[in-house]
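The block underneath contains the structure these notes are about, expressed in structure tokens.
The values are calculated or read from the model by the stated rules, or taken from the named source; none is laboratory data. The structure presented is a predicted model; accordingly, all values stated were derived computationally and were not measured. Positions of Cβ are generated from backbone atoms using ideal geometry, with glycine treated the same way; all protein chains shown enter the neighbour counts. Side chains are part of the model used for accessible areas, which takes the heavy atoms of the whole protein and leaves out ligands, DNA and RNA. Shrake-Rupley method; radii C 1.70, N 1.55, O 1.52, S 1.80 Å.
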Amino acid sequence: MESLTLRASPSTASPLLRHPGRRAASCVRASAASNGSGGAGEPDLSVTVNGLKMPNPFVIGSGPPGTNYTVMKRAFDEGWGGVIAKTVSLDAGKVINVTPRYARLRADPNGSAKSPIIGWQNIELISDRPLETMLNEFKQLKKEYPDRILIGSIMEEYNKAAWHELIERVEESGVDALEINFSCPHGMPERKMGAAVGQDCGLLEEVSGWINEKATVPVWAKMTPNITDITEPSRIALKSGCEGVSAINTIMSVMGIDLKTLRPEPCVEGYSTPGGYSARAVHPIALAKVMQIARLIKAEFSDGQSLSAIGGVETGNDAAEFILLGADTVQVCTGVMMHGYPLVKKLCAELQDFMRAHNFSSIDEFRGASLPYFTTHTDLVQRQKEAIKQRKAVRLGLQSDKDWTGDGFVKETESMVSN
């Protein structure tokens, strides 16, 4: 993991800075036909996050599943709660992708094609399509699906004017919110883009300030896990005015070496480069990072700041775990690449099954329910000592003659019998 550069990290909590002109997103109605709305007596999957109303908490994560009009339309038609488009920047001409750009890790150590895929690596860059083309498609999608949530993902060089221009143009297309890509682990770090910003708190604070003085729709900051303490940049993004945090982006990795050719994967003309790791194998890591951010938000922020969880979601139970830690929404990207857009129906059904099993009627009823059960190792030791002490006391029965009671005399006697 890379170390965090701390240059301007605030050490104490302060109220969220609100910028003049920032509007709350208007609450839009979710279609009754959308996945998750449920019928009478069915668990309700609908959520409202930063004023954005979605029929369910499942959001297409920024990447190939949101790369053009056709695939985003498919996502809405299948019933996804929202779509975050693939990241755009002002000059797509600088973005040149290669093929192949993906590599898979299977559960079978021998890599059998029948073995389940547990890891996925990509060396894909942000959108290589002209910005104007993407913006026109955003406009068309909002025209056809005015009640569905479309979020623009943006990333730009270290230039205030460029950030402001990009924000203005993307907002004009009608998107409901912005997700800021502070976390892409590969490609163009020399231009201070992606994780180059998210790993440097001084830079992050400055750029977040530029963004939030310009944006008029809710802003989510997408965090990198390739860092020592993910709460530091999350705190700065929120204190700088962002309404929410998304986490985690992919983990920097080398997928493997082909032992026949001795070349790294994915192999492009005999060479490769480290890329972003995702899929099922990253889920436990994502849970830990989400838990840390959720505890931060609960302890230091109280103005409706949101958390969108990302990492290895392929089942409704995966999503339930994130929500139990405090997530408001759950993003899926690699899962869609492996299972297709209809996956959302399975996710919704399985999440509702979980809710029925626990008699939860809404997402709010269990959001963050597991968060209080995390503590320090020192506290675990003390809790176990106390529990052992109490169990021994029960086995030993009464400690003194003064403890005998008339009503419980027989049980008290039995508590001290050894056979």
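Points to keep in mind about this one:
- Filtered residues of the range 253-283 (kept if touching a residue at least 40 places away in the same chain (Cβ under 8 Å), part of a strand (DSSP E or B) and either in contact with a helix residue (DSSP H, G or I) (Cβ under 8 Å, 6 or more places away or on another chain) or surrounded by fewer than 18 Cβ atoms within 10 Å (Cβ to Cβ) (or both)): GLY256, VAL268, SER278
- Test: residue in the range 291-310 that is of a type in the set (Asp, Glu) and either farther than 30 Å from THR216 by Cβ or in contact with a strand residue (DSSP E or B) (Cβ under 9 Å, 6 or more places away or on another chain) (or both): no
- Residue in the range 122-140 that is under 30 Å from LEU259 (Cβ atoms) and either outside any loop (DSSP other than H, G, I, E, B) or in contact with a Ser or Thr (Cβ under 7 Å, 6 or more places away or on another chain) (or both) present: yes
- Residue that is farthest from the chain's Cα centre (by Cα) [pool: residues in the range 213-225 that are touching a residue at least 60 places away in the same chain (Cβ under 8 Å) and surrounded by 22 or more Cβ atoms within 10 Å (Cβ to Cβ)]: ALA215
- Filter result for GLU365 (under 30 Å from VAL83 (Cα atoms), among the acidic types (Asp, Glu) and without any contact (Cβ under 8 Å) to a residue 24 or more places away in the chain): yes
- Residue in the range 141-160 that is nearest to MET193 (Cα to Cα), counting only those that are in a helix (DSSP H, G or I) and either open to solvent by 60 Å² or more (accessible area, probe 1.4 Å) or touching a helix residue (DSSP H, G or I) at 6+ places or on another chain (Cβ under 8 Å) (or both): LYS160
- Filtered residue count, the range 340-361, keeping only those that are within 20 Å of the chain's Cα centre (by Cα) and either at pLDDT below 95 or small (Gly, Ala, Ser) (or both): 1
- Enumeration of residues in the range 218-274 that are of a type in the set (Val, Ile, Thr) and farther than 20 Å from THR329 by Cβ: ILE227, THR228, ILE236, ILE251, VAL254, ILE257, THR261, VAL268, THR273
- The set of residues in the range 55-70 being surrounded by fewer than 24 Cβ atoms within 10 Å (Cβ to Cβ) and touching a residue at least 12 places away in the same chain (Cβ under 8 Å) consists of PRO64, THR67, ASN68, TYR69.
- Of all residues in the range 84-121, those being closer than 18 Å to CYS333 by Cα, in a loop (DSSP other than H, G, I, E, B) and open to solvent by less than 30 Å² (accessible area, probe 1.4 Å) number 3.
- The range 311-348, subset hydrophobic (A, V, I, L, M, F, W, C) and part of a loop (DSSP other than H, G, I, E, B), residue surrounded by the most Cβ atoms within 10 Å (Cβ to Cβ): ALA327
- Of all the residues in the range 349-367, those that are in a helix (DSSP H, G or I) and basic (Lys, Arg) number 1.
- Selection status of VAL381, assigned to a helix (DSSP H, G or I), more than 21 Å from VAL49 (Cβ to Cβ) and open to solvent by less than 90 Å² (accessible area, probe 1.4 Å): yes
- Answer from THR376, THR405 - the residue that is open to solvent by 60 Å² or more (accessible area, probe 1.4 Å), at pLDDT 95 or above and out of contact with any strand residue (DSSP E or B) (no Cβ under 6 Å at 6 or more places or on another chain): THR376
Quick grid of which residues meet (1) under 18 Å from LEU90 (Cβ atoms); (2) not hydrophobic (A, V, I, L, M, F, W, C):
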site	(1), (2)
ILE123	no, no
ILE126	yes, no
ILE149	no, no
GLU157	yes, yes
LEU166	yes, no
ARG169	yes, yes
GLU172	yes, yes
MET193	yes, no
GLN199	no, yes
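- The set of residues from the range 294-310 being open to solvent by 10 Å² or more (accessible area, probe 1.4 Å) and closer than 22 Å to GLY276 by Cβ comprises just one member, ILE310.
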